[in-house]
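Data block below; observations after.
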Amino acid sequence: DKIKTRDFVRVHYILKIDESSIVGEPGEFVGSSHMKGEPMEMQAGVGQWIEGWDKGIVGLCVGAKATIIIPPDLGYGDKDLPKVPAGSTLNFAVEVLDIMDKPPPPPNMFDTIDVNKDRMISRGELESFFANMKQQVPAGIFEGDDKNSDGFISFD
């Protein structure tokens, strides 16, 4: 099967500034799904990411490894991002792991917040999670979910 518009896909990627880019440092590593510890899951061809990605991923099959070169007008354009200067040509090395009929389950937020994986969320872990999202911890959330008042939110 080949990826079609609206398919849900699981892929690994490595992103670099392309050698042909006239801005940025050609060949510079920007990031990868491997660094994040898990593949990226998304819906293809519906604008969840950048236009060049949507155009490049559609038509690939499970197991395919491809290089997708994305010019600035189909990438981040005139947006300056960390490690990706405005006007950069992008180079994605992609491996298609799976094509799925339905969206993946949402992430388990408890596991996401529980950084040390001790099955308890401390006030510090909760504050760090919201700080990374550039948000304040909602008032009363910790007190409301710390059922036994031991200073931790436990996984029930």
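Seen from residue 24, the other residues with C-beta closer than 12 Å to its C-beta sum to a net charge of -3, counting Lys and Arg as +1 and Asp and Glu as -1.
In a reduced charge model with +1 at each Lys and Arg Cβ and -1 at each Asp and Glu Cβ, the range 95-156 shows a dipole moment near 160 debye about its Cα centre. For Rg and Dmax of the Cα atoms in Å, the value calculated from this model appears in [x] 19.3, 59; [y] 26.3, 83; [z] 41.3, 150 under label [x]. Using the Cβ-Cβ distance between residue 2 and residue 36 with R0 = 30 Å, the FRET efficiency computed as 1/(1 + (r/R0)^6) comes to roughly 0.70. Ligands, DNA and RNA are left out, and with a 1.4 angstrom probe the accessible area of the chain is 61 Å² per residue. Residue 110 exposes around 30 Å² of accessible area when a 1.4 Å probe is run over every protein chain in place. Per-atom-type breakdown for the chain gives carbon and sulfur 54% of the accessible area (1.4 Å probe, protein chains only). Over 5 Å intervals from 0, what percent of Cα-Cα pairs in the range 12-99 sits in each interval? Calculated P(r), rounded to whole percents: 3, 15, 24, 28, 19, 9, 2.
For the chain, the longest principal axis of the C-alpha atoms and the axis of helix 123-132 are separated by about 30°. Counting only Cβ charges, +1 for Lys and Arg and -1 for Asp and Glu, the dipole size of the chain around its Cα centre is about 380 debye. Answer with one residue from 52, 141, 107: the one whose Cα lies farthest towards the positive end of the charge dipole of the chain, charges on Cβ with Lys, Arg +1 and Asp, Glu -1. Final value for the positive-end residue is 52.
Report relative contact order for the range 39-104 in percent, whole number only (criteria: Cα-Cα under 8 Å, sequence separation at least 6). Relative contact order of the range 39-104: 32 percent. Around the Cα centre of the range 10-68, unit charges on the Cβ atoms of Lys, Arg, Asp and Glu (plus for the first two, minus for the last two) sum to a dipole of about 220 debye.
Using only the Cα atoms of the range 1-59, build the gyration tensor, take square roots of its eigenvalues as a ≥ b ≥ c, and label the shape rounded, prolate or oblate: rounded if a/c is under 1.5, else prolate if a/b is larger than b/c, else oblate. Oblate shape, in that a/c is at least 1.5 and b/c is the bigger or equal ratio. Determine how large the accessible area of residue 147 is when every protein chain is in place; take a 1.4 Å probe and give Å² rounded to the nearest 10. In the full protein context, residue 147 sits at about 150 Å².
The values are calculated or read from the model by the stated rules, or taken from the named source; none is laboratory data. Bear in mind that the values here come from a model prediction, so they are computed numbers and not experimental data. All Cβ positions, even for glycine, are placed from backbone atoms using ideal geometry, and neighbour counts span all protein chains on display. For the accessible areas, the whole protein counts, side chains as well, though only heavy atoms, and no ligand, DNA or RNA atoms are used. Shrake-Rupley method; radii C 1.70, N 1.55, O 1.52, S 1.80 Å.
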